[in-house]
Structures are given as C-alpha cells and as structure tokens.
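Just below is one structure, and these are the notes that go with it.
The values are calculated or read from the model by the stated rules, or taken from the named source; none is laboratory data. Owing to the predicted nature of the structure, the values given are computational and were not obtained by experimental measurement. Heads up, the Cβs are rebuilt from the backbone with ideal geometry, glycines too, and the neighbour counts pull from every protein chain shown.
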Amino acid sequence: MTAVNRQFEELREIVAEVLEIDTDELIETADFVEVYDADSLRAIEILARIEKKYKVEIPQSELAEMRNFKQVVEVVTRYAGG
C-alpha cells in the first residue's frame with residue numbers, strides 16, 4: 001500500500017468513526033450534514049483528529065470546504081501533503 005493510499009484509508013476511518021458509520025457507508029461526495037446528519041461539532045472533531053494524526057495545523061476557516069469526504073482529502077492534501 002502506498003503512502004497516499006494509506007493516508008486515504010486513515011482519513012476514511014477517522015471520518016467514518018466521527019460520523020458513527022462504517023467506512024463502507026462513507027460516500028466520497030455525500031454531504032456530511034445532509035446525508036449523515038453531522039453538526040458543526042462533528043466537523044470540528046474531524047478537523048481536530050486530522051490535526052493530531054498528521055501533526056498539522058489546518059485553519060478552522062477550512063471547515064466550510066470540508067463538507068464531504070472528497071473535500072476533506074483535498075484540504076488535508078493541501079496542508080499535510082500526500
């Protein structure tokens with residue numbers, strides 16, 4: 001497994017755990033609020049776990065861009081590489 005694939009799977013696990021769903025239920029483009037009933041606290045928790053896991057600081061202003069899994073991956077890639 002490449003580093004990029006490993007990071008992708010780690011992010012998938014983090015997001016699914018915070019949303020309290022199985023990883024196979026996580027659809028890349030599904031809106032967290034509309035599909036998974038996520039609230040702002042869950043978004044902050046996703047951000048905090050990512051920052052801790054990758055030892056990176058992502059501005060909270062990026063939360064607005066992190067509305068689905070695909071966008072989470074894009075933001076993390078910008079700040080943590082991948």
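Annotations for the structure displayed:
- Residue within segment 26-34 that is of a type in the set (Ser, Thr, Tyr) and without any contact (Cβ under 8 Å) to a residue 24 or more places away in the chain present: no
- Glu20 at negative phi and modelled with pLDDT of 95 or more: no
- Qualifying residue in segment 3-15 (condition: among the small types (Gly, Ala, Ser) and in contact (Cβ under 8 Å) with a residue 60 or more places away in the chain): yes
- Test: residue in segment 56-66 that is in a helix (DSSP H, G or I), of a type in the set (A, V, I, L, M, F, W, C) and at pLDDT 95 or above: no
- Some residue of segment 64-80 being charged (D, E, K, R) and buried (at least 17 other Cβ atoms within 10 Å of the Cβ): yes
- Output for segment 35-62, where each listed residue is without any contact (Cβ under 8 Å) to a residue 24 or more places away in the chain, surrounded by 12 or more Cβ atoms within 10 Å (Cβ to Cβ) and among the acidic types (Asp, Glu): Glu51, Glu62
- Search result, residues across segment 16-34 that are closer than 19 Å to Val4 by Cα and buried (at least 16 other Cβ atoms within 10 Å of the Cβ): Ala16, Leu26
- Selection of segment 19-55 for residues being part of a helix (DSSP H, G or I), within 18 Å of Glu9 (Cβ to Cβ) and not charged (D, E, K, R) yields Leu19, Thr23, Ile46, Ile50, Tyr54.
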